[in-house]
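This report concerns only the one structure given below.
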2 protein chains.
Amino acid sequence: MKIAVLGYGTVGKGVDRIIRERVSGVEVARILELPDRLTDERMTSNFKEILGDDSIEVVVECMGGLEPAHTFIMDALAAGKSVVTSNKAVVAAYIDEFVRQANTTGACLLVEASVGGGIPWIASVEKVRRIDEVKSFYGIMNGTTNYIVDAMVKQGADFDDVLREAQELGYAERDPSADIDGIDVRNKTIISVGVAFNTACEKDIPTTGIRTLTKRDLDVLGEKGLSVKLLGRGVQADGGYAAAVEPVALPVRSLEANVPSNFNLISLDGTTVGPLKFYGQGAGMLPTGNAMVQDVLDFAAGRRPHYDFSRGLEWRPELLTSDYVYRTTAEVEGAEPFAEGMVVLRGLTAVQARQTFERAQEVDPSTFMAALSQED
Amino acid sequence: MKIAVLGYGTVGKGVDRIIRERVSGVEVARILELPDRLTDERMTSNFKEILGDDSIEVVVECMGGLEPAHTFIMDALAAGKSVVTSNKAVVAAYIDEFVRQANTTGACLLVEASVGGGIPWIASVEKVRRIDEVKSFYGIMNGTTNYIVDAMVKQGADFDDVLREAQELGYAERDPSADIDGIDVRNKTIISVGVAFNTACEKDIPTTGIRTLTKRDLDVLGEKGLSVKLLGRGVQADGGYAAAVEPVALPVRSLEANVPSNFNLISLDGTTVGPLKFYGQGAGMLPTGNAMVQDVLDFAAGRRPHYDFSRGLEWRPELLTSDYVYRTTAEVEGAEPFAEGMVVLRGLTAVQARQTFERAQEVDPSTFMAALSQED
């Protein structure tokens, strides 16, 4: 089977290398690159050449960013070519449009690498859904923020120092906002809602990152036997669904609390299989490349993931309700004391919790918030 | 697709129920049951009727035990019918013979449910192997012993009390030997070696259970920041492999140490994907039934797992070398003090550690041993 790779950065090189060294029966026949970087006879800077090549069955998009990735994916699907992508931003933004386009031509959208890097999360969710409903999912989906929190706990260091260290190690971007403000996890949560619940997810789900988390917060929660992780969560029931991205305070003896370094851990709850958890490298050239090549091999073996978002689940925030702790100098109406400098509000939806957080941040920009996991 | 179910106990009923309620395109057309229990028109007590029915493509063996399961599986494979089984004892004992027989007729042996219950372990290992070598695997593969150790830690109770409680809850058999002496994990380790390394595994790998573990051992190791779990392990390198089943002392902040109740957690290390971990219910009617139905659906979708054990890896115990702690009143030659009442021997293979354990047990039958995980 012949495929084309769009973009020859870290991930594109990883895909090319894994296929060359480890896979038979698949050939990277064309590579889309910038005009001044055409160093290989397979390379072209003209996407139309790839689109017009009928021998190419699958296009592997490794460019990142919204444009031109969005246009190229739409064009490939319209031309009946299936698309493998690790680009969570473009998939989260346009998944409905991609799914509709794919269904007009019978092409497939394969997004394993867009959530959880090398972890077989998307294919496992699809497999579970052959038998079960996925009732809910939640997980550590961002390695950078897990690295930061883990290092803060283990080194007793504060946020800014650890962020700087993560940037030096290449675990965090120079502009870390997509990671630490939860945008990256929001994209992965939106994609997971689509795959797990077969429904088009709201784009503006409540999203709170860990930018204001301090060493002191971890110490205070630690004394209560709690650790903090940034989680993406989704739940469905009775024709409705809810989803959110927020810091969650979990028991220190939970698996989530013990995920080290930049690893990810994503869980689901299925009707008959019960709880399943999947752990691994959420990013990196080889793990992400591996996930994309797995999608290519699945397609070659006849797997045809089909989403139509026909469930039409209703957005129902009350399905995701927790107690929330706030560390803020602002007044929080209705709150009870929780720990030194922290108060708790009982039974908020994630939407209400986010609104409360935003009001408190207007008074005290250093405000921190976390949902209390129900196991605590 | 028509299938037959052999045995209508807990697991057989689970498979029948899941297919009836949740799956289309698959029909449980025949059920093998004892002559005095034929309560359903699909039932027969004559296996030859099922063997001779050309419309049956897959036989789902849910009988347990070695015979007649072994004979029926061989006959089904010889007749070109693929076999799905959760029976780890029969698969571990006869996997070489089954694989040879399957390869003569093109039938498949599907063993997802034999390791890790509802956890998609076997299919994930196969998927990883499409691209990577599985360099090693290890895991909590027995829910009963995990339940016992977890309850001992959390309740501060001793082994016998917790075992009795587990028996009352149905988590442990009246004769608990297969679980607490590591036989069940040995079977699952032998199967995992076959699937992960494509090699026929030694049947008498070093196997030590947790029968002699005491609350005091957990307290002493706990003071060193260690927890104990019964692990099955396998490793391959440079044309050789090793495997063992033994208690392992792991850091209390490892994921393994925090696996609660009767859950399982199994890990592998792949060349490009890196470490992956899979967590879920390792037993039970619905999770095990789910795994068997997943195998049926995979087969229906064209998955044809093929093992030929052609690697011919050499048994090389030195590939699995650790430091071992012993709690014994026997003299252990070459040992250094480790903790109150415990000594440590450095750099033993699992085979040597087991021999040392057996010698110590001759003097002190209450001797306990654990490998020290390399992360500690």
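Run the quick spin-label model on A:Asp219 and B:Glu41: label points 7 Å from Cα toward the beta carbon, then report their separation in nm to one decimal.
If labels sit at A:Asp219 and B:Glu41, their model points lie 7.5 nm apart.
Under the rule of at least 5 residues apart or a separate chain, name every residue whose amide H is placed under 5 Å from the amide H of B:Glu133.
Long-range HN contacts for B:Glu133: B:Thr271, B:Thr272.
Whole-Hz ³J(HN,Hα) for each residue in the range A:119-125, computed from phi via Karplus 6.51 cos²θ - 1.76 cosθ + 1.60 with θ = phi - 60°, x for glycine and proline: what do you get?
Values, residue by residue: 6, x, 7, 5, 5, 5, 4 Hz.
Counting only other chains, and only Cβ atoms inside 10 Å, what mean value do you get across the residues of B:254-260?
The shielding value for this peptide is 5.
Return the whole-Å distance between the Cα centroid of the range A:149-218 and the Cα centroid of the range B:116-189.
Centre-to-centre (Cα) distance: 34 Å.
If you wrap a convex hull around the Cα atoms of the range A:117-160, how much volume per residue is inside, in Å³? It would help to have the intermediate numbers written out before the result.
Working: hull volume 3.8 nm³, N = 44.
About 86 Å³ per residue, rounded to a whole number.
What FRET efficiency, computed as 1/(1 + (r/R0)^6) with R0 = 30 Å and r the Cβ-Cβ distance, is obtained for B:Lys13 and B:Asp96, rounded to the nearest 0.05? Don't skip to the end; give the middle numbers.
On the way: r = 31 Å, r/R0 = 1.03.
It comes out at approximately 0.45.
Over the Cα atoms of chain B, compute the convex hull volume and normalise it per residue, giving Å³.
Values: hull volume 51.5 nm³, N = 376.
Considering the Cα atoms of chain B, their hull volume per residue is 137 Å³.
Round to the nearest 10 and give me the degree value, 0 to 90, for the angle of helix A:285-300's Cα axis relative to the longest principal axis of chain A.
Relative to chain A, helix A:285-300 is tipped by roughly 60 degrees.
First measure r as the distance between the Cβ atoms of A:Ser24 and A:Asp175, then evaluate 1/(1 + (r/R0)^6) with R0 = 35 Å and state the FRET efficiency to the nearest 0.05.
Numbers: r = 41 Å, r/R0 = 1.16.
For A:Ser24 and A:Asp175, the calculated efficiency is 0.30.
Dipole magnitude of chain A about its Cα centre, charges +1 at Lys/Arg Cβ and -1 at Asp/Glu Cβ only, in debye to the nearest 20? If you can, show how the numbers build up before the last one.
Values: 38 positive and 55 negative charges, 192 e Å.
For this selection, approximately 920 debye.
Over the range A:2-110, calculate the relative contact order: mean separation of alpha carbon pairs under 8 Å at least 6 apart, over the residue count, as a percent.
On the way: 177 pairs, mean separation 26.7, N = 109.
Once normalised by length, the contact order is 24 percent.
Which of the aspartates and glutamates could a cross-linker bridge to A:Lys224, judged by Cα under 17 Å and excluding same-chain residues fewer than eight apart?
The qualifying aspartates and glutamates are A:Glu256, A:Asp323, A:Glu336, A:Glu340, A:Glu375, A:Asp376.
From Cα pairs below 8 angstrom and at least 6 apart in sequence, can you work out the relative contact order of chain B, rounded to a whole percent?
Values: 807 pairs, mean separation 68.0, N = 376.
Taking the mean separation of contacting Cα pairs over the length of chain B, I get 18 percent.
Between copies, how close do the A:Gly106 label points come, placed 7 Å along Cα→Cβ, listed in nm from shortest?
In nanometres, ordered from closest: 2.5.
Rounded to the nearest 5, what is the percent of antiparallel bridges among the DSSP beta bridges in chain A? Kindly include the intermediate steps, with their values, before the conclusion.
Values: 44 of 67 bridges.
Here the share of antiparallel DSSP bridges comes out near 65 percent.
How far, in degrees from 0 to 90, does helix B:350-363 lean away from the longest principal axis of the Cα atoms of chain B, to the nearest 10?
70 degrees
Just to be sure I understand: of the beta bridges DSSP finds with both ends in the range A:129-277, what percent are antiparallel, rounded to 5? Don't skip to the end; give the middle numbers.
On the way: 26 of 27 bridges.
Taking every DSSP beta bridge with both residues in the range A:129-277, the antiparallel ones total about 95 percent.
In the range A:2-110, if every C-alpha pair distance is counted and binned at 10 Å from zero, what percent goes to each bin?
P(r) for the range A:2-110, in whole percents per bin: 15, 51, 31, 3.
Taking θ as phi - 60°, what are the ³J(HN,Hα) couplings along the range A:13-27 by the Karplus curve (6.51, -1.76, 1.60), each to the nearest whole Hz, with x for Gly and Pro?
Once θ is set to phi - 60°, the couplings for the range A:13-27 become 4, x, 4, 4, 5, 4, 5, 5, 8, 10, 10, 10, x, 10, 10 Hz.
Starting from 0 in steps of 20 Å, tell me what percent of the Cα-Cα pairs of the protein assembly as shown lands in each bin.
Distribution as computed: 16, 47, 32, 4 percent.
Tell me, in nm to one decimal, what length is gained between B:Ser55 and B:Gln167 on full extension, where the rule is 0.36 nm per residue of separation less the Cα-Cα distance? Don't skip to the answer; put the middle values down first.
Numbers: separation 112, 0.36 × 112 = 40.32 nm, distance 4.18 nm.
Length difference between fully extended and current span is 36.1 nm.
If you put +1 on each Lys and Arg Cβ and -1 on each Asp and Glu Cβ, how big is the dipole of the range B:222-376 around its Cα centre, in Debye rounded to 20?
Details: 13 positive and 20 negative charges, 116 e Å.
Dipole about the Cα centre, nearest 20: 560 debye.
Okay, helix-only estimate at 222 nm for chain A: each DSSP H run of n ≥ 4 adds -39500 (n - 2.57), divide by all residues, round to 500 deg cm²/dmol; what do you get? The partial results should precede the final answer.
Numbers: 12 runs with 137 residues, N = 376.
For chain A, the value works out to -11000 deg cm²/dmol.
Which residue fluctuates most in the GNM of chain A (Cα springs below 10 Å): A:Glu126, A:Glu165, A:Glu246?
Top of the fluctuation ranking is A:Glu165.
For A:Ser227, which sequence-distant residues (separation of 5 or more, or a different chain) have an amide H within less than 5 Å of its own amide H, given hydrogens modelled in the peptide plane?
Here the answer is A:Leu250, A:Val252, since their amide H atoms fall under 5 Å of that of A:Ser227.
As a quick test, which of the pairs A:Lys127/B:Lys48; A:Lys13/A:Lys48; A:Lys277/B:Lys229; B:Lys81/B:Lys277; B:Lys13/B:Lys135; A:Lys81/A:Lys229 have an alpha carbon distance above 29 angstrom in this structure?
Numbers: A:Lys127/B:Lys48 34 Å; A:Lys13/A:Lys48 21 Å; A:Lys277/B:Lys229 19 Å; B:Lys81/B:Lys277 32 Å; B:Lys13/B:Lys135 37 Å; A:Lys81/A:Lys229 39 Å.
Checking Cα-Cα distances, A:Lys127/B:Lys48; B:Lys81/B:Lys277; B:Lys13/B:Lys135; A:Lys81/A:Lys229 exceed 29 Å.
Apply the Karplus curve 6.51 cos²θ - 1.76 cosθ + 1.60, θ = phi - 60°, to the phi angles in the range B:48-55 and return the couplings in whole Hz, x for Gly and Pro.
Residue by residue, the range B:48-55 yields 4, 5, 6, 4, x, 8, 5, 6 Hz.
Given labels modelled 7 Å from the Cα in the Cβ direction, how far is it in nm from A:Asp238 to B:Ala237?
5.7 nm
Considering the dipole of chain A built from charges on the beta carbon (Lys and Arg +1, Asp and Glu -1) around the Cα centre, which of A:Leu230, A:Leu297, A:Leu286 is farthest to its positive end?
So the residue we want is A:Leu297.
Throughout, read-outs are computed from the coordinates displayed, never taken from laboratory work. The shown structure was predicted, so the numbers you read here are calculated from the model rather than taken from an experiment. Here Cβ is always computed from backbone atoms with ideal geometry, including for glycine, and neighbour counts include all displayed protein chains.
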